[in-house]
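All of the numbers you see were taken from the coordinates with simple rules; none came from a lab. Note that this is a predicted model, so its numbers are computed, not measured. Quick reminder, even Gly has a Cβ in these numbers, built from the backbone with ideal geometry, and neighbours come from all protein chains shown.
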Amino acid sequence: MTAYSAFRLFFTLICLVVFSGRLTGEEKKPILEVSYKPPKDAITTDTVEIVAGVSEVARLKVDSIQASRERTLIVPLKNLTDTDINIRTVSVSCGCMAAITADLVIPAKKTMSLYLKVTPEDPGLFSKRVTVSFEGGISVVVIVESKVQPAYSISPSRIALNPGSDKGMEIKITSNFGSEPFSVESPDALVTLRRVAFEGSVATFECSMIEEGVMSPWETEIPIFIRAGEKVHEYRLMVINASTVEIKPSLIVPHLSGGKLTARAVVTGFGINENPLNCEVVGAGNDVDVSITRRRDSGSMVAMYELSIEGDVSKLKTVELKWMREGSTKVLTSSQMVFRR
């Protein structure tokens, strides 16, 4: 036997061994397990049971999950029937969820896992549907319910500051998921942050407003940037300038009432009920006096002021009023009074 003949004989024997299964009619076995390894922080839900000929609705409650962070859910599917069943399709109700496995064969009386990736965007209550359809016409509707929280929380979310005061106001920034170190900063020119404590997952900062903030808006929103590792989270802190007041309307128009010239103004400011205002006419020599005759508080930040105007206003078109806290000469704001003929 030549070397070539020996090689042909060896190749023929190999082919008979390799293809013997196909020649005897043996078929490829269905895939029973998916080659996917879930992350360590994957959340395993309650088991969903599949009953022969019955379509079910199952509610799965999941602990709080972080907004804008992908989480993997492991949903055990238990086949209570006496036959193997096939998952035909898996559909989700929103783009924030995706099924990793949608083609499983679940043996009779066995449990298999369905993997879902969830990336909720907005904080709040989370309730989304996953529909698992099986061959044979039955299906299971899984409603995933959870509470979505931001990565960090700022408390309080609204503060009041006095410009230039030595005493600021504390806020607490809490990491809702773990105790990874983080830093905080704000680019706002009027408000400064100083860290005074850091314990566990909670950092305490003292907020202050610089003296130049005296004439800043009554209420403003400042950005807060929280950096953890390479990721930066942006939040908003509402800041009230406790020294600033707002007078409405911007043009106060007096009117005759009972033979007297009167007017009304709405004053808005922090703690306006505890620290009421007084007003005076700017400039001497015009022989006009404006005084407050009545104040009606509407909560802690809004008050209605009734004004009395005395003097000769026949030749006047406008006067300017300056507003101050009672007992103080520091002018907080000004307004215009217009006399119409």
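So the values come out like this:
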quantity	calculated
Helix-only CD estimate at 222 nm, as mean residue ellipticity for the chain, using -39500 (n - 2.57) per DSSP H run (n ≥ 4)	-1500 deg cm²/dmol
For the range 222-246 versus the range 46-115, the gap between their alpha-carbon centres in whole angstrom	41
Cα long-axis angle, helix 3-18 against the chain (0 to 90 degrees, to the nearest 10)	60
Stretchable slack from K317 to E145, in nm (0.36 nm times residue separation minus alpha-carbon distance)	55.4 nm
Bins of 10 Å, starting at 0 and running to the largest distance - Cα pair percent for the range 245-341	16, 52, 27, 5
Relative contact order (%) - criterion: Cα under 8 Å, at least six apart; region: the range 143-263	26
Contact order relative to length of the range 265-341, as percent, for alpha carbon pairs under 8 angstrom and 6 or more apart	31
Candidate aspartates and glutamates - alpha carbon under 14 Å from K110, same-chain residues fewer than 8 apart omitted	E33, E49, D82, D84
Size of charge dipole - the range 72-195 - debye, nearest 20, with Cβ of Lys, Arg +1 and Asp, Glu -1, no other charges	240
Calculated FRET efficiency for the pair K117/S165, C-beta based, R₀ 45 Å, to 0.05	0.35
Given charges at Cβ of Lys, Arg, Asp, Glu: the chain dipole, positive-most of S300, P276, L116	L116
The chain - percent relative contact order, Cα under 8 Å, separation 6 or more	10
The range 76-119 - Kirkwood radius from inverse mean 1/r over Cα pairs (Å)	11.3
Cα centre as origin, Lys/Arg/Asp/Glu Cβ charges: the chain dipole, Debye	700
Projected area averaged over orientations for the chain, convex hull of C-alpha atoms, nm²	34.6
Sites F177 and R88 - FRET efficiency at Förster radius 25 Å, r taken between beta-carbons, to 0.05	0.10
Extension gain, V196 back to S308 (0.36 nm per residue minus Cα-Cα distance, nm)	35.4 nm
Neighbour net charge for K109 - beta-carbon separation under 9 angstrom, K R +1, D E -1	+1
Total charge dipole magnitude, the range 186-341, about the Cα centre, Cβ charges on Lys, Arg, Asp, Glu only, Debye to nearest 20	500
Partners for K317 among lysines (Cα-Cα distance below 28 Å; same-chain residues under 8 apart left out)	K248, K260, K330
Cα-based radius of gyration of the range 126-227 once divided by 2.2 N^0.38 Å, which approximates compact folds	1.68
Theoretical gain in end-to-end length, S155 to T293 [0.36 nm per residue, Cα-Cα removed]	45.7 nm
Where labels lie 7 Å past Cα in the beta-carbon direction, separation of N278 and F339 in nm	2.4
Order by protection proxy (mean Cβ within 10 Å, highest first), peptides 156-162, 267-273	267-273, 156-162
Selection of GluC sites (Glu not before Pro), the range 263-341, meeting DSSP coil and at most 13 other Cβ within 10 Å	E274, E326
